[in-house]
Amino acid sequence: MKHCIRCGQLINDNKKYCSKDCQYFHNKKQEIKTCKTCGNNFLAINLKSKYCSDKCRVNKRKDLKGSEWKSLRFDVLQRDGFKCVYCGRTISDGIKLHVDHIVPVAKGGQTVKGNLITACEDCNLGKSDKSL
């Protein structure tokens, strides 16, 4: 008994792949990626693909301009009292504050005041793209 070199499924023969699909995709070097807009996994035909569909590519996140982001960031920091909402630390504790998405952009969250909170660097980086 061996394992398919692409998917890991058990195979009986002396073959490298469990199916012609696995052989094809392995040879084409395709991989599963996460869509930058909706967060769904998709099979990337092109290794540079970022979106699962034309709809997601067209509706890709439009970043705020510099001055808009700075204003929104300050409003969120001020609303949260310039402290991390997860652990309560402030800049006087020697930490760097970030503005974090509650619902991550990768999972469809928007960059709006209601979806943003203040988080210290440790808490924000530890949270990664998890929703709370």
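So for the pair Glu31, Ser71, with labels modelled 7 Å out along Cα→Cβ, what separation do we get in nm?
Rounded to a tenth, the inter-label distance reads 4.0 nm.
Sort Thr90, Thr111 by Cβ crowding within 10 Å, fewest neighbours at the top.
On the way: Thr90 14, Thr111 17.
Lowest count first: Thr90, Thr111.
Sequence neighbours fewer than 8 away in the same chain don't count; with that in mind, list the aspartates and glutamates whose C-alpha is under 19 Å from Lys20.
Glu31
Can you work out ³J(HN,Hα) from phi for every residue in segment 109-117, in order, using Karplus 6.51 cos²θ - 1.76 cosθ + 1.60 and θ = phi - 60°, giving whole Hz and x for Gly and Pro?
x, 10, 8, 10, 3, x, 10, 10, 9
Filter the trypsin sites (Lys or Arg not before Pro) in segment 90-129 to those in DSSP coil with at most 16 other Cβ atoms within 10 Å of their Cβ, and list the result.
On the way: sites: Lys96, Lys107, Lys113, Lys127; in loops: Lys96.
Within segment 90-129, the qualifying trypsin sites (Lys or Arg not before Pro) (loop, at most 16 other Cβ atoms within 10 Å) are Lys96.
Please work out how much length the chain gains when fully extended from Phe82 to Lys55, using 0.36 nm per residue of separation minus the C-alpha to C-alpha distance, in nm with one decimal.
Values: separation 27, 0.36 × 27 = 9.72 nm, distance 3.78 nm.
Taking Phe82 through Lys55 to full extension adds about 5.9 nm, to one decimal.
FYI, it's all coordinate maths here, none of it is from the lab. This structure is a prediction, so every number in the text was calculated from the model and none was measured. No Cβ is skipped: glycine too gets one built from the backbone with ideal geometry, and neighbour counts run over all protein chains shown.
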